[in-house]
Amino acid sequence: MNALFCPWREFAWALHSVVGVLALCCFATPAVRADQVSPPSAWVVTSQFGDHLFKMVPAEGRFVGDKYVITKEAFGVAYEVDQKGDFVERWRTKGWFAQRGWLSEDGRYFVRKGPWASDYEGRTDLAVAFYDRGKLLKQYRVKDLIKNPEALVQTASHYFWSPEVQTVPDGLASKSFHLVMADKTTYQFNIATGEITETGRDAGAKTMLELDAERGRNALARGQKLWSAFPARVAMEKLFEVTRPSADPEMSMSSVHFDGPEWCAYLEPKKALAFPVQVRAVIPVVKGDELAFEISPEELLGALERLVAHPWVKTRWEEDAETRPSGIRVRITGDRLHWDTEELLGLFKLSGKYPSKSIDVKALRPWCQAIVDEPGQRYTSLFFNVQTGDLILPDRSVQGAAPLCLDKMGVEK
C-alpha cells in the first residue's frame, strides 16, 4: 500500500474562509491561524439608558519617508444628553485608542478592552483598563489574568485571549464588570476601583480552536455515518483504503464543479502502483444522507493504473532524485474523475484541439485531474483522459496561454 504524502499541501486544499478560519475536511487543527488587524475607525457607545455616550476617535498620521508620523493623537469624549437633547461634554481622554469599551449608567466610569495582542511569549498586552472620568484607575495585562496560557489562540501575527463564545458576555452589570478569558476563567471587577471582586469559571466558554475541533469531530462523525450507509462501501474498501471521511453541511470545497452538501475522504489504492498515488474524493450528498458516488472502485483503480503508465508521467520518475516527484494527487467527484470542470473546458477552448460546445457529463467523466508533487513545494497540474490517453498540461507561466496537449504516446498533438 502506498504511503500518504504531502499532508500539509492536502490540508491547504480544504482551507476556506469561515469566520476567519478553517480546514475541516482534513480536520488537523493548525497551531497558527491567519489574521488581519482591523483598521481603527471612530465609534460610539452609550450608557444603559442612552442618556450618556462616549465617542472614540483613532489617531491620524502620515508617512514621512518610511516612517509613520502621528499628526493627531487618538482621543475619546464622554457626553451627557441634556433635556434639550444637546450633548454636554463631561470628560475626555487622549493618547490611546480602544476597539471596544463600556460606559457606566451614570457616564462616570469607562472600561476598555485592550487592542489586538501580539506579545504571545510575554503576554504583556493590555487586557482591560478601568477609568473614572477619563483618569486611569487600574489596568490588567493578559499575564495578570490568564491562568492557563496554553488556552491562548495564536495567529500569524497576534493571539486571542478571549473566547469566541461564552455563557455570559463581557460587559457591565450595575457597578460590576464581567470578563471571560480564553482558559474559561471569569472575573468580576468593581468598576469604581478596578479591583477584582470575584473569580470563577465559565464551562461553556470556547475558543476558536475549541469550536473548530468540535465542528471537526461532528463532521467526521457525520462523514463516517454516511460512508457506513453507502451501499458500495464494501466493494470500494476491497480496493481502496478510505480514510478521514467527513461531511460538514456548512463547508464547501473550492473548485468543485457542483454546489451543495459534500462528503469528502482520501482513497488510497491497496494495490501497489508504480508511483505513490492518493485520491481526494469530494462527493455530493443528496436527499440529506445519500452519497451520489457513481464511480466504481474498478473504474477508479483502472484510471490510476493508466495514469501512472502514461509516458510523460513515467518519464518524470526517471529524473534525478533532486527533481523527481514525490507522488501524485488525484481529485474526483461523484460522476467524473475531476473536480474542476470549468477549468477543463477552459483548457479545451485554449487548446483548440477538443470540441467543447456539446460535451456532456459522459464525455467529461474520463478526464482525470491530477497534481504531480515536485521538490521544493512545486507541482504540475494536468488533466488525463483515461480512455484516449490524451494529457493536457496547462501553461501557468502565461495567462491565457494554450496548454501543452500530448497523445497517449507522449507526443505533442
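Every number in this text was worked out from the coordinates using simple rules, so none of it is lab data. Remember, predicted model here, so these are calculated numbers, not experimental data. Heads up, the Cβs are rebuilt from the backbone with ideal geometry, glycines too, and the neighbour counts pull from every protein chain shown.
Magnitude of the Cβ-charge dipole of the range 43-205, K/R +1 and D/E -1, about the Cα centre, nearest 20 debye?
Using Cβ point charges on Lys, Arg, Asp and Glu, the range 43-205 gives about 340 debye.
May I ask you to list the GluC sites (Glu not before Pro) in the range 305-406 that are in a DSSP loop and have at most 10 other Cβ atoms within 10 Å of their Cβ?
Counting only loop positions with at most 10 other Cβ atoms within 10 Å, the GluC sites (Glu not before Pro) in the range 305-406 are Glu318, Glu322.
Once a ≥ b ≥ c are taken as the square roots of the eigenvalues of the Cα gyration tensor of the range 43-205, is the result rounded (a/c under 1.5), prolate (a/b larger than b/c) or oblate (a/b not larger than b/c)?
Since a/c reaches 1.5 but b/c is at least a/b, the shape of the range 43-205 is classed as oblate.
Expected output is a single nm value to one decimal: the length gained when fully extending between Lys238 and Ser356, i.e. 0.36 nm times separation in residues minus the C-alpha distance. What is it?
38.9 nm
Just to confirm the filter: which GluC sites (Glu not before Pro) across the range 93-192 are DSSP coil and have at most 12 other Cβ within 10 angstrom of their Cβ?
In loop regions of the range 93-192 (DSSP not H, G, I, E or B), the sparsely surrounded GluC sites (Glu not before Pro) are Glu121.
Treating cross-link reach as a plain straight distance, find the lysines whose alpha-carbon is under 23 Å from the alpha-carbon of Lys94, omitting any fewer than eight places away in the same chain.
Lys55, Lys67, Lys72, Lys113, Lys135, Lys138
Kirkwood hydrodynamic radius of the chain from all distinct Cα pairs, in Å?
25.7
How fast does the range 94-178 diffuse by Stokes-Einstein, in µm²/s, taking the Kirkwood radius from C-alpha pairs at 4 °C and 1.567 mPa s?
The calculation lands on 93 µm²/s.
With just the Cα atoms of the range 209-321, tell me how far they stretch along each of the three principal axes, in Å, largest first.
Extents along the principal axes: 46, 34, 24 Å.
Straight-line reach from Lys238: which aspartates and glutamates have Cα under 18 Å away, leaving out those fewer than 8 places along the same chain?
Glu268, Glu294, Glu298, Glu299, Glu305
As a test, work out the antiparallel percent of DSSP beta bridges whose residues both lie in the chain, rounded to the nearest 5.
95
What FRET efficiency do you get for Glu60 and Lys94 if R0 is 22 Å and r is their Cβ-Cβ distance, rounded to the nearest 0.05?
Efficiency, rounded to the nearest 0.05: 0.95.
How far apart, in nanometres, would the label points at Glu374 and Thr197 be if each is projected 7 angstrom from Cα along the Cα-to-Cβ direction?
Roughly 6.7 nm, to one decimal.
Would you give the gap between the C-alpha center of the range 77-96 and the C-alpha center of the range 141-177, rounded to a whole Å?
29
Give the calculated FRET efficiency between Glu268 and Ser157 to the nearest 0.05, with a Förster radius of 45 Å applied to their Cβ-Cβ distance.
0.80
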